[in-house]
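Trainee: One structure is given below, represented as structure tokens, and several questions about it will come after.
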Amino acid sequence: MTTRVKHVNELRLLDVIIIGAGPAGNLAALNIAKAGFSVEVYDWRTKIGDKLCTGIIGHSCFKEFPPAENDIYRSSSSANIVSPSGKTYLINHRNPQAYVINRISYVKSFADKAIQLGAIYRLNEKVISIDISDSKVSVISETKAGNHTANCKAVIIATGFGSPLLKMAGLGNGGHKNFLTGCQTTVSTDGLSRPTVFLGSNIGRGSFGWLVPTQNNEALLGLATSRKLNGDMDNLTKLLKSKGYYNKIESPQRKWGIPVKPSTPTYSQRALSIGDAAGLTKPTTGGGIYYSLLSGQLAAKTLIQALNQGDLSSKQLKPYESEWKKILNNEIKLGNIARGIFESLRDSQIDFLISKLMTDDVRKDVLEATGVSFDWHGRIINSAFMHSVFGKYLSLVTPELEEKSADIKSKGPIEVA
Ligand SMILES: Cc1cc2nc3c(=O)[nH]c(=O)nc-3n(C[C@H](O)[C@H](O)[C@H](O)COP(=O)(O)OP(=O)(O)OC[C@H]3O[C@@H](n4cnc5c(N)ncnc54)[C@H](O)[C@@H]3O)c2cc1C
């Protein structure tokens, strides 16, 4: 880049810069570009969407943000749960509850549409600094040719888990305090029919493991834990190998953080945080694609209004946080209570509760009822605690649960769509 061109770029005031080309950043870019504003998206990766993930989305996400047919590896209306004592239970629905997708291609599809509408993507560029003043935001990134400065009216932080940029933008950055570690590898199998979830202290107390078939007899094997990994992933891979669940490990283990509590505030003067950067995931499973898309959509809506009014004060951007809270807060709170309870249970207690949950009547009421959704776990948690039979077992298991279960019940029955 010549000095003159560089100088022109630095002087130009873009409407919006988005840092992070994951699902959250790409959908925000798409909607902002669609509204006619100039938008640049930065990502230090060279391949959009290539972030550690299993790629499962639920039915609400599937309906609201549909993947292209080619991006769907499989749909799943059933799943197995393997209890700590090794007993396998089947959950079966009439209709698909979850879809295993090609995450890279799905996430990129939003970027492709944004680019068609004029968004500029700057890949292989890591943003190292943000400076917000009363008149603009200055964003500095590292490029092969040296540091690049760009100026914009507003910035969206969509950097995923654990970014120092949040603090620079005056946004909450508590995600690094409340998180799970997710670890995953690819394995070859003889063909698995459905996703399987593994529970028990042989995987790690409070952790859960998964084996999710994708395509061509491959599956993703992983676990999520709120503790240090301490060899848990090695134990899980050995355990599943010894039981014949897979043939061969096909890729090295990778790990990454998953925030489980919102990092507020998610708005400040000229800045918003979305997706994992804002701590918006399902605390039960750590799934965050859907909430990332929802928050990207809501952030774009608020920012477009603010840009139209020429007012990017934190007061003007606050409705974004009010809106995601309206939709997600209760869900995230219930999810965290349920996660806390799960992490406190011993193997024998998990075995007992699963055996009761999987009796025909309870399973049909709680897990297989109409309206139960892989995207809205709050409904499942709430109906488990409100269930006339299973609710009593839950309270019986440990007296300490009483207080937490009262918290859940106080939210009342959650409406089923
Ligand atoms: C093992 C594992 C399995 C998972 N499985 C699922 C699943 O099956 N279903 C589900 O819904 N969720 C799953 N998740 C969570 C899901 O991946 C995230 O919630 C989701 O990707 C968050 O999207 P995002 O757009 O907020 O951030 P990300 O997808 O993390 O994207 C952020 C982007 O920002 C870029 N970036 C960061 N810092 C900078 C910087 N300084 N400069 C430039 N670029 C930067 C990164 O390169 C990245 O591309 C899983 C997570 C893990 C760890």
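Taken together, the values in this text are just the output of simple stated rules run on the coordinates, not laboratory data. Given the structure is predicted, the values throughout are model-derived calculations rather than measurements. Note: ideal-geometry Cβ built from the backbone for every residue, glycine included; neighbour counts use all protein chains shown.
Trainee: With n ≥ 4 as the cut-off for DSSP H runs, can you work out [θ] at 222 nm for the chain, using -39500 (n - 2.57) per run divided by the number of residues, rounded to the nearest 500?
Mentor: Value at 222 nm, helices only, nearest 500: -11500 deg cm²/dmol.
Trainee: Quick one: Karplus J couplings for segment 134-142, per residue in order, coefficients 6.51, -1.76, 1.60, θ = phi - 60°, nearest Hz, x for Gly and Pro?
Mentor: For segment 134-142, the Karplus curve yields 5, 9, 6, 10, 9, 10, 10, 10, 8 Hz.
Trainee: Turning to a different aspect of this structure: With θ set to phi - 60° and the Karplus curve 6.51 cos²θ - 1.76 cosθ + 1.60, what are the ³J(HN,Hα) couplings of segment 380-392 in order, to the nearest whole Hz, using x for Gly and Pro?
Mentor: 5, 4, 5, 6, 5, 6, 7, 5, 4, 9, 5, x, 5
Trainee: Next up: Mind giving me the FRET efficiency for residue 12 and residue 238? R0 is 60 Å, r the Cβ-Cβ distance, nearest 0.05 is fine.
Mentor: Taking R0 as 60 Å, the efficiency between residue 12 and residue 238 is 0.60.
Trainee: Among the lysines, select those whose C-alpha is under 24 Å from the C-alpha of residue 144, and discard any that sit fewer than 8 residues away in the same chain.
Mentor: Output for residue 144: 6, 47, 51, 108, 126.
Trainee: A further question follows. In terms of Cα to Cα distance under 19 Å, which aspartates and glutamates are near enough to residue 326, apart from those fewer than 8 places away along the same chain?
Mentor: Of all the aspartates and glutamates, those that pass the test against residue 326 - Cα under 19 Å, at least 8 places apart if same chain - are 64, 276, 375, 407, 415.
Trainee: Shifting gears a bit: Give the distance, in whole Å, between the Cα centre of segment 51-82 and the Cα centre of segment 310-356.
Mentor: If you average the Cα positions of each part, the centres end up 21 Å apart.
Trainee: Moving to a separate point now. Using a 10 Å cut-off on Cβ atoms, rank the peptides 293-301, 269-277, 40-48 from the highest mean neighbour count down.
Mentor: So the peptides 293-301, 269-277, 40-48, ranked by packing, come out 269-277, 293-301, 40-48.
Trainee: Here's a follow-up. Quick one: P(r) of the chain from all Cα-Cα pairs, 10 Å bins, percents rounded to integers, in order of increasing distance.
Mentor: Reading the bins upward from 0: 5, 22, 31, 24, 14, 5, 1, 0.
Trainee: Would you mind working out the magnitude of the charge dipole of the chain relative to its Cα centre, with +1 at each Lys and Arg C-beta and -1 at each Asp and Glu C-beta, to the nearest 20 Debye?
Mentor: Roughly 420 debye, rounded to the nearest 20.
Trainee: What FRET efficiency, computed as 1/(1 + (r/R0)^6) with R0 = 30 Å and r the Cβ-Cβ distance, is obtained for residue 215 and residue 116, rounded to the nearest 0.05?
Mentor: It comes out at approximately 0.60.
Trainee: Please report the antiparallel percentage of the DSSP beta bridges confined to the chain, to the nearest 5.
Mentor: Of those bridges, close to 75 percent are antiparallel.
Trainee: In addition: Determine ³J(HN,Hα), in whole Hz, for all residues of segment 64-79 in sequence, where each value follows from phi through the Karplus function 6.51 cos²θ - 1.76 cosθ + 1.60 and θ = phi - 60°; x replaces Gly and Pro.
Mentor: In residue order, the calculated couplings are 7, 10, x, x, 5, 3, 5, 8, 9, 6, 6, 9, 9, 9, 9, 8 Hz.
Trainee: A follow-up question, please. Work out, step by step, the length gained on full extension between residue 315 and residue 78: first 0.36 nm times the residue separation, then minus their alpha carbon distance; give nm to one decimal.
Mentor: Working it through step by step, the gained length comes to 80.8 nm.
Trainee: Now for a separate question. Take each of the peptides 98-104, 124-130, 154-160, average the number of other beta-carbon atoms within 10 Å over its residues, and list them starting from the highest.
Mentor: 154-160, 98-104, 124-130
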